[in-house]
């Protein structure tokens, strides 16, 4: 690339913006000149002003990600990292603010980008940064009353064994031990001083209800229709263990607070204990419907880091073709699933979903034959994919009653993409789109305006149904998407119905992409699919990277900080289903209880990703 | 007209309903018995009921399918090294394992105490194993492979779910039977059906013999 540098040096828009900022805020803004890092570091006291300038004057109106990094032993500060984008497309403007670990306070940016709300709560919860002026600064993934901030480098989990994997106890003297055996009660668990389990009253529940209080005392004021209802967490309509505490006036929603974290396992802490490659199968477990796109996002972000080093070869063309094939098939899997479940939520119990899931099964058969697993695919590697597409999709009888199938893979893909899937999508369309039950329940419900969608950092179909044609595949293209011909699906009403229609449109666009990918797959037959060295500890140079992909549920980003060692210092997931929930209250206000279920269904969340 | 959309939708449901019976008639009401029926019912040509009636019929899994690793040992009727471990206890699988579910005790010579390429003990906690397949992917000796048997339910996890070397060991023949294509590809890469080290030694011996012969002729 360096050989073809343009003669006249043009300044990239980001560079221009950074220079403008530096000119305007001479004393408070400096370049981040650590090796492998980019963007600017803003003085904490002026963060709000600079952020407002970035948003208002420079036009970076979409805040994709906000997360914190703990630099214990490297300056002993925690750093908040923001990635802001222009909704018209283009690269990120990265700005950071540092604050000491012992007294971590930063001003909130909820006034500039309301979408930062949940992300700041997450940073408070897991990293212990207090945000001055945040309207509702509570823990979000852990419960109120939890002691400590788990993502801090000096925080250890109860089953803590060692700081980094691989653990020394496994080899060469690996005498097996269950973790529960070497962790008797009390040992290894940190309790605050003078804490007694008998006298403890959890503040978790009151904290949830305090924020959403009725303003009436039910003991004296019984003549009221206003009630608080807790929807979930064990409720089929919430797609998992998700809970919404709603304040109702009669049947109308007045306020809503999402409560999450029931499936929280601190994916990011696990990721920081893992080596880079060990983390790949864990990304499968984020959005477990779309494991292959998660793999792709993670691979892209680590490849960005590896590209900083000397010995790195980008994936071959065939590897990229296979990646796109997998990503688009995953999109189809996800969208038919989402549409099926939306209908479930509307009360069409399981019939539409079952019809939709047949096609998903057929795609999963292909995934299973190629990757070895239907859902937890673990297929992408840094520098390509794990294995080429097999010649045949063929079962091998092993168990009693095993029935064998044997199909040519390319023929299978061809008729899947050219016949079966388009027919199924048309059928789904005919079945649901004009149905009066569907239109009555969905049209005009859960409206999110264009400006709100951008402000709340909504992503994916939620954003595009509100009239914003923003798609990472076009806004900041990756892989072979620039070569492919497809349209960004967009609808303009921002209601549940339009989110359904956008998904239907995207299904058709995915088919269009797949039809272009198939010949490429044939042309590149025989090329290698992996350019790495196939070692279990690839070298990842020091630096930071933010790799993002257009996942079926929205923009999935991985922010990774490497120190040039085997394990990352920081590994953060910008989870679309988590951040899309920021706007949930906005969408639900004024609607009826039954509509909340439809609205939640139209956002299409997966709790594996929301709670991480 | 109001209600037309629902009517159109119901037609789709009706089509699915009718297709089920057409499919039944097509196979002479022997959908579950006819030898060719299963492969078609579970293919792109499927029109009727798509479900598989487990456990009376099971989808055979493809060769790459991965579910809990096993250790490859030499066939029990092997002339030289029956039941011999292919594992050299190099520890790569234990190091790369993402959930760290592999425990290995490296073998030692009883007299000298020096390590020998053979595991003394090998454990996999199958409750922790996430079936990622890295151990098989990175094993330099093709000694650990992913199994296809997914029916592992047991009554007590504490006693039954930590597999030891005996439980993990399966003959090379088994690997050949569940993944014929890949077993053959690997054998080609190694240069024969034997263990890598055995082949290497054999090569060396052959070369030495060759050298001796040439020496003598000189």
Across chain B, what fraction of all alpha-carbon pairs, as a whole percent, falls in each successive 10 Å bin from zero upward? 7, 23, 23, 17, 14, 9, 5, 2, 1, 0, 0
So for each of B:28-39, A:364-375 I average, over its residues, the number of other beta carbons within 10 Å; can you give me the resulting order with the highest mean first? A:364-375, B:28-39
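Please work out the Cα convex hull volume for region A:430-577 and give it in Å³ per residue. Present the calculation step by step, with values, prior to reporting the outcome.
Details: hull volume 22.8 nm³, N = 148.
Convex hull of Cα atoms, per residue: 154 Å³.
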Highest to lowest packing among A:287-294, A:481-488, scored as the average C-beta count within 10 Å: A:287-294, A:481-488
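Based on the alpha-carbon set only, what is the convex hull volume of region B:69-197 divided per residue, in Å³? Could you put the intermediate results ahead of the total?
Numbers: hull volume 15.8 nm³, N = 129.
Hull volume normalised by residue count: 123 Å³.
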Going fewest to most other Cβ atoms within 10 Å around each Cβ, A:18, A:106 line up as A:18, A:106
What residue among B:201, B:11, B:42 has the largest mean-square fluctuation in a Gaussian network model of chain B, using Cα springs under 10 Å? B:11
By how many degrees, 0 to 90 and rounded to 10, does the Cα axis of helix B:180-190 deviate from the longest principal axis of chain B? 30 degrees
Multiplying the sequence separation of residue A:430 and residue A:230 by 0.36 nm and subtracting their Cα-Cα distance, what value in nm do you get? 68.4 nm
Partner shielding of B:40-47, taken as the mean number of other chain Cβ atoms within 10 Å, equals 5
The helix B:4-26 Cα axis meets the longest alpha-carbon principal axis of chain B at an angle in degrees, between 0 and 90 and rounded to 10, of 60 degrees
Using only Cα atoms, find the angle between the long axis of helix B:196-217 and the longest principal axis of chain B, and express it within 0 to 90 degrees, rounded to the nearest 10. 40 degrees
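Which value at 222 nm does chain B reach when only helices count, each DSSP H run of 4 or more adding -39,500 (n - 2.57), with the total divided by all residues and rounded to the nearest 500 deg cm²/dmol?
Working: 9 runs with 86 residues, N = 218.
The helix contribution divided over chain B gives -11500 deg cm²/dmol.
So how do A:240-250, B:131-141 stack up, highest first, on mean other-Cβ count within 10 Å?
Values: A:240-250: 18.8, B:131-141: 20.4.
With the highest mean Cβ count within 10 Å placed first, the list reads B:131-141, A:240-250.
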For A:437, B:25, B:124, ascending order of other Cβ atoms within 10 Å (fewest first) is B:25, A:437, B:124
Stretch residue A:414-residue A:147 to full length: gain in nm at 0.36 nm per residue minus the Cα-Cα span? 90.6 nm
Hey, got the average number of other protein chain Cβ atoms within 10 angstrom for residues in A:400-410? 5
Taking the Cα atoms of chain A, report the difference between the largest and smallest coordinate on each principal axis, in whole Å and largest first. 70, 63, 60
Centroid-to-centroid separation of region A:470-500 and region A:59-95 [C-alpha atoms, Å]: 24 Å
Based on alpha-carbon centroids, what's the gap between region B:81-116 and region A:532-556 in Å, whole number please? 32 Å
Within 10 Å of each Cβ of A:349-361, how many other protein chain Cβ atoms are there on average? 2
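Could you work out the mean projected area of the convex hull around the alpha carbons of region A:299-384, in square nanometres to one decimal? Intermediate results must be reported in sequence, preceding the final value.
Values: hull surface 26.1 nm².
The directionally averaged projection comes out at 6.5 nm².
At 0.36 nm per residue, minus the direct Cα-Cα distance, what do residue B:201 and residue B:24 gain on full extension? Give it in nm, one decimal, please. Before the final figure, lay out the partial values.
Numbers: separation 177, 0.36 × 177 = 63.72 nm, distance 6.04 nm.
Result for the pair: 57.7 nm of gain on full extension.
Read-outs throughout are calculated quantities, based only on the coordinates presented, and are distinct from any laboratory measurement. From a predicted model like this one, the values you see are computed outputs, not experimental measurements. FYI the Cβ positions are ideal-geometry reconstructions off the backbone, even for glycines, and counts take in every protein chain you see.
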